[in-house]
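A.B. asks: Quick one: this structure, given as structure tokens, is what I'll be asking you about.
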Amino acid sequence: MPAWLDGVEPPLHVEQVLACFAEGIFVADARRRILAVNPAFSIITGFTLADVTGATMSRLNGARMDAAACRVMWRALRSTGHATSTPC
């Protein structure tokens, strides 16, 4: 279990909830470091949790998104705290 889930008691297991989504999801801290990803994220991007845990989210730039899509995603994250995007 990732360290960020330490102290989380059942039935509130974020990891299990994230695994239910077909959309790729990542969770990052305020410094843009990746804390968790779901299985769909790994399928879509090719990055596993081990590949990206602790890395900054800039590692995702251009992973499978064009530059314009990345800019839209970052703008949304800064303004609302969440974003949706479609990989190329």
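The values are calculated or read from the model by the stated rules, or taken from the named source; none is laboratory data. Model, not experiment: these values are computed from the prediction. Cβ atoms come from the backbone with ideal geometry, glycine included; neighbour counts cover every protein chain shown.
A.B. asks: Report, by residue number, each residue of the range 37-58 that is outside any loop (DSSP other than H, G, I, E, B) and either surrounded by fewer than 15 Cβ atoms within 10 Å (Cβ to Cβ) or touching an Asp or Glu at 6+ places or on another chain (Cβ under 7 Å) (or both).
C.D. replies: Those that are outside any loop (DSSP other than H, G, I, E, B) and either surrounded by fewer than 15 Cβ atoms within 10 Å (Cβ to Cβ) or touching an Asp or Glu at 6+ places or on another chain (Cβ under 7 Å) (or both): ALA40, ILE43, ALA50, ASP51, THR56, SER58.
A.B. asks: Here are THR45, THR86: which of them is of a type in the set (Ser, Thr, Tyr) and modelled with pLDDT under 75? Working first, answer last.
C.D. replies: Numbers: THR45 fails: modelled with pLDDT under 75.
Result of the check over THR45, THR86: THR86.
A.B. asks: On the given criteria, is VAL72 within 14 Å of the chain's Cα centre (by Cα), modelled with pLDDT of 75 or more and not in a loop (DSSP other than H, G, I, E, B)?
C.D. replies: No: the conditions fail for VAL72.
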